[in-house]
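Encoded as structure tokens, the structure appears first; notes follow it.
The values are calculated or read from the model by the stated rules, or taken from the named source; none is laboratory data. All values reported here derive from a predicted model rather than from experimental measurement. Note: ideal-geometry Cβ built from the backbone for every residue, glycine included; neighbour counts use all protein chains shown. Heads up: the accessible areas ignore ligands, DNA and RNA and are worked out on the full protein's heavy atoms, side chains in. Shrake-Rupley method; radii C 1.70, N 1.55, O 1.52, S 1.80 Å.
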Amino acid sequence: MCGIVGYIGTQAATDILISGLERLEYRGYDSAGVATVEEGQVNCVKAKGKLLKLREKLEHVVSKAQIGIGHTRWATHGKPEEHNAHPHLNSARTLAVVQNGIIENYLELKEELISNGVEFISETDTEVIPHLISQFLANSTSLLEAVQQTIAKLEGAFAIAVVSADHPYELIVARQQAPLVLGFGQGEFFCASDMTAILPHTRTILTLDNEEIAKLTPLGVEIYNFAGDRVSRFPRTLDWNPVQVEKQGFRHYMLKEIYEQPAVVRICLDNYLNPNWHADEDPDYSPINLGLSPNLTDNLEHIQILACGTSWHAALVGKYLLEQVADIPTTVDYASEFRYSPKPIIANTLTVGVTQSGETADTIAALESERARRANLEPKRQAKLIGITNRPESTIAQIVDRVIDTHAGIEIGVAATKTFIAQVMGFYFLALDLAYRRKTISNSKIGEIIAGLRHIPSQIETILDTQADAIEELAHDFTTETEDFIFIGRGINFPIALEGALKLKEISYIHAEAYPAGEMKHGPIALLDNKVPVVAVAMPGSVYEKVISNAQEAKARDARLIGVTTAMNATEAAHTFDDVLTVPEVDELISPVLAVIPLQMLSYHIAAIKGLDVDQPRNLAKSVTVE
Ligand code: F6R
């Protein structure tokens, strides 16, 4: 989605803005621009396409400006053309605005402005903002006040940053539902849609709350709510390391992030497993440290999980675990569907929002509406909300009662890999915590599952060490003529088939579908012939034989069969599959976290061999902050 960066201080603003925008590239964009204020003028430069184009244009511009705003645009209203790129200016070109979000009532505002003689240059919703501010400034000397008056007229979810030639020492920012953080340096201040943009300059940050507006000057930051009251807030210091945001020798961020997965699982295990727990000891000493209070976990009759995309797949693995291990009926909904057709209210429901970014507009809205619709009900029908997120400072944390931090570190590749594994780990911990509290499985069974979880990091390392070359070689077979793929799986590994298909489509642009293996013969099998490879996730366990039979049915239709299975099964599997991707021996309950790794790598290599933009696939955004 769109990215915003703003700077005011003592350094040359343009360089800081461009390097900030580069760090936001991963969010996805199709054009970019910057506006700076210098010698009583707003200087605005924009370009369609990658930041390189903007850089080229800026090469000939000498600027000493110490204040400015920058933007990467992911088109919503109006094509990705230069005239639609941000910043947008008022008619007198004295003030510039960048926006992330959607102004829902812009047509109405635009008509009003046009009837007052304003001429529009773009088709965007954003352009109404500088014109409105400009009108309000005609009767006010305060930029802050004019922005406040403008915001009062805007409907929708948005974050904005504003600079003005007539107020050269002020950067005004505001937030309504879309993310915005402020950074505090020595005599310099920053704003950005995501803290990664400002991490090289400062780790002292403050996340603006909804309906807050801030005035940044070289002397400090003042924050107000939309009602105009001054708000006191304290910034906090991040423990993030800017090096985490580098590729560290890997060709792509996605590959680096695939290789970081063993470390991510280790961090999750260290954070959430109680090291001193023993299956045969103190019954009141929980094996899991999620910090969930009894009012969130006691008497649960139902769990509902809300998520989008890959997080929705992690939620499906979670459903399997919560039902089979903790014995709690669990539903999983797309947040984008749930928000407009919520399920009938069930008493004693725990609602779990899953979002790596913590900012996905649909997930946030679904959670907010769930809290609102249960607010005035009897206590057992009221909302109990938890969030599973990789960004504990994000918007989701402000809505839920408790956050499970997935500790995966910043993920730059648009295709989620390590955050998926970390979300699934979050569900193991949640299911085990609830199983322990509800006594749905024995302590020794809990001990066995935990022992299995502890093996995951080294098992992923084994896959990465032993399979990487074979997977890369296999990938070559699908880079020129293959147009469709089918993925099949069953039980706890059906979500892995879904995730394998999603990874392939989003980065290689090859059409891929996933089905529960037993559903193939109810329709999709008609698609199969020797041009459509089938990937079967065939992990030993309760449904292994069934998946193998379904795979045989595909083979009988001439499909090339690729199997993901364990090393011990590989010889037997060689009779069924044309190609076998092996993972170490593992219990079925733990198998999804291993089975997904070869699928991530297969997608990665197919896309990389095709020479595609693996980290920033076309049309996609890392953080989907608009509906
Ligand atoms: C796929 C992917 C997306 C996200 C989805 C939700 O690789 O990354 O499908 O999973 O946009 O994002 P979050 O988890 O931030 O809510």
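Here are the numbers for this structure:
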quantity: Flag if A431 is assigned to a helix (DSSP H, G or I) and either at pLDDT below 95 or within 14 Å of the ligand (Cβ to nearest atom) (or both); calculated: no
quantity: Matching option when the condition is open to solvent by 10 Å² or more (accessible area, probe 1.4 Å), touching a residue at least 60 places away in the same chain (Cβ under 8 Å), of a type in the set (A, V, I, L, M, F, W, C) and more than 25 Å from T207 (Cβ to Cβ), among L377, L316; calculated: L316
quantity: Index of the failed condition, M254 passing every other in (1) surrounded by fewer than 20 Cβ atoms within 10 Å (Cβ to Cβ); (2) in contact with a Gly (Cβ under 6 Å, 6 or more places away or on another chain); (3) assigned to a helix (DSSP H, G or I); calculated: (1)
quantity: Meets criteria (in contact (Cβ under 8 Å) with a residue 40 or more places away in the chain, touching a helix residue (DSSP H, G or I) at 6+ places or on another chain (Cβ under 8 Å) and either of a type in the set (D, E) or buried (at least 16 other Cβ atoms within 10 Å of the Cβ) (or both)) for A347; calculated: no
quantity: Pair list, Cβ under 6 Å, 6 or more apart: the range 397-420 residue free of Cβ contacts under 8 Å to residues at least 60 places away in the same chain, other residue open to solvent by 30 Å² or more (accessible area, probe 1.4 Å) and more than 14 Å from the ligand (Cβ to nearest atom); calculated: I399/E368
quantity: Unmet criterion (only one of (1) buried (at least 17 other Cβ atoms within 10 Å of the Cβ); (2) among the hydroxyl-bearing types (S, T, Y); (3) more than 26 Å from M1 (Cβ to Cβ)) for T217; calculated: (1)
quantity: Cβ-Cβ under 6 Å pairs, at least 6 apart or on other chains, the range 608-627 side without any contact (Cβ under 8 Å) to a residue 24 or more places away in the chain and more than 23 Å from E472 (Cβ to Cβ), far side within 14 Å of the ligand (Cβ to nearest atom) and open to solvent by 60 Å² or more (accessible area, probe 1.4 Å); calculated: none
quantity: Test for P262: is it more than 14 Å from the ligand (Cβ to nearest atom) and either out of contact with any Pro (no Cβ under 6 Å at 6 or more places or on another chain) or among the basic types (K, R) (or both); calculated: no
quantity: Candidate set from the range 350-366 (those that are within 16 Å of F420 (Cβ to Cβ) and among the hydroxyl-bearing types (S, T, Y)); member that is surrounded by the fewest Cβ atoms within 10 Å (Cβ to Cβ); calculated: S357
quantity: Residue match in the range 92-113 (condition: more than 21 Å from N210 (Cβ to Cβ), of a type in the set (S, T, N, Q) and modelled with pLDDT under 95); calculated: no
quantity: Boolean, R175 is of a type in the set (D, E, K, R), surrounded by fewer than 20 Cβ atoms within 10 Å (Cβ to Cβ) and free of Cβ contacts under 8 Å to residues at least 40 places away in the same chain; calculated: no
quantity: Qualifying position, being over 19 Å from I597 (Cβ atoms) and surrounded by fewer than 17 Cβ atoms within 10 Å (Cβ to Cβ), among A431, A470, A451; calculated: A451
quantity: Number of the exception - V400 against (1) open to solvent by 20 Å² or more (accessible area, probe 1.4 Å); (2) away from the ligand (no atom under 13 Å from the Cβ); calculated: (1)
quantity: Enumeration of residues in the range 112-148 that are open to solvent by less than 50 Å² (accessible area, probe 1.4 Å) and assigned to a loop (DSSP other than H, G, I, E, B); calculated: V118, F120, S122, T124, D125, T126, E127, S140, S142
quantity: Residue match in the range 554-563 (condition: in a loop (DSSP other than H, G, I, E, B), open to solvent by 10 Å² or more (accessible area, probe 1.4 Å), small (G, A, S) and touching an Asp or Glu at 6+ places or on another chain (Cβ under 7 Å)); calculated: no
quantity: Scan of the range 600-615 for residues that are assigned to a loop (DSSP other than H, G, I, E, B) and open to solvent by 40 Å² or more (accessible area, probe 1.4 Å), ordered by number; calculated: K610, G611, L612, D613
quantity: Residue satisfying all of: in the range 319-344; under 17 Å from R381 (Cα atoms) and without any contact (Cβ under 8 Å) to a residue 60 or more places away in the chain; surrounded by the most Cβ atoms within 10 Å (Cβ to Cβ) among these; calculated: T330
quantity: Test: residue in the range 578-599 that is in contact with a Ser or Thr (Cβ under 7 Å, 6 or more places away or on another chain), open to solvent by 50 Å² or more (accessible area, probe 1.4 Å) and not assigned by TED's automatic domain parsing to the domain that holds K319; calculated: yes
quantity: Residue in the range 486-495 that is within 21 Å of A415 (Cα to Cα) and either among the acidic types (D, E) or within 14 Å of the ligand (Cβ to nearest atom) (or both) present; calculated: yes
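Here is a yes/no grid of residues against (1) under 31 Å from the mean Cα position of the chain (by Cα); (2) of a type in the set (V, I, T); (3) not assigned by TED's automatic domain parsing to the domain that holds I496:
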| site | (1), (2), (3) |
| --- | --- |
| A512 | yes, no, no |
| P524 | yes, no, no |
| G541 | no, no, no |
| N550 | no, no, no |
| D558 | no, no, no |
| T576 | no, yes, no |
| V624 | yes, yes, yes |
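Here is a yes/no grid of residues against (1) assigned by TED's automatic domain parsing to the domain that holds V147; (2) out of contact with any strand residue (DSSP E or B) (no Cβ under 9 Å at 6 or more places or on another chain); (3) surrounded by 21 or more Cβ atoms within 10 Å (Cβ to Cβ):
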site	(1), (2), (3)
F189	yes, no, yes
A197	yes, no, yes
T207	yes, no, no
I213	yes, no, yes
A227	yes, yes, no
R236	yes, no, no
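Okay, residues lined up against (1) touching an Asp or Glu at 6+ places or on another chain (Cβ under 8 Å); (2) away from the ligand (no atom under 13 Å from the Cβ):
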{"residue": "I386", "(1), (2)": "yes, yes"}
{"residue": "E393", "(1), (2)": "no, yes"}
{"residue": "I396", "(1), (2)": "yes, no"}
{"residue": "T406", "(1), (2)": "no, no"}
{"residue": "G409", "(1), (2)": "yes, yes"}
{"residue": "T417", "(1), (2)": "yes, no"}
{"residue": "I421", "(1), (2)": "no, no"}
